[in-house]
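Step one of this worksheet: look at the structure below.
Only the coordinates and a few stated rules stand behind these numbers; no lab work does. Because the structure is predicted, anything quoted here is derived from the model rather than measured. Cβ sites come from the backbone with ideal geometry, for glycine too, and all protein chains shown count toward neighbours.
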């Protein structure tokens, strides 16, 4: 006699499945779905796959190209920046150099002229010294004229920034003095200038010519004798 759960009713009846049959039906359904899915995948055209690969390759190539262009743009920008920095530095140096040249031209542009005038001053100094040592009366007017010319010329030089270097009686300074001889002299301390052989001149803070001097040394047996400086 059959189980009532497995009987089918004549009208509108239902079939009750046992667990084993239900599991078998479920496995069959899943298998059919899997085959349909596999069949659908196999049915895709190979051309579609190739097109996808080609598109991916094109995107990669474009990305690589854009990356190269970006790197080139960065290098070019770095080059522009480097050139800009160099040009700016060159312009700054040029401006400073031009400013310095203008300042030096204003202060020292007449340096050569002053050097040429120094010999004239020397000649006037010698003429005055010679006239002072002479007893001739006719030299008095000459002496006065030469002294006047000397004062005027010295004033012109002073107006342009030329000053006489202090020498006689001061400590010998190799920066502004040139020793031509040494002398045993008691009137000034040793190492000081005893006599000035030729005046020295400075144009503002620039040395035009050192003073040529005779330097005193300690007094020995025969004072007043000069020893040349090599």
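Among 169-177, 58-66, 189-197, 105-113, what's the highest-first ranking by average C-beta atoms within 10 angstrom per residue?
Result, highest mean Cβ count within 10 Å first: 189-197, 169-177, 105-113, 58-66.
Once you place label points 7 Å from the Cα toward the Cβ at residue 57 and residue 106, how far apart are they in nm?
Using points 7 Å along Cα→Cβ, the separation is 7.5 nm.
May I ask you to compute the full-extension gain from residue 204 to residue 143, defined as 0.36 nm times their residue separation minus their alpha-carbon distance, rounded to one decimal in nm?
18.9 nm
Which value in nm describes the separation of the simple spin-label points at residue 170 and residue 76, placed 7 Å from the Cα toward the beta carbon?
Inter-label distance under the simple model: 6.6 nm.
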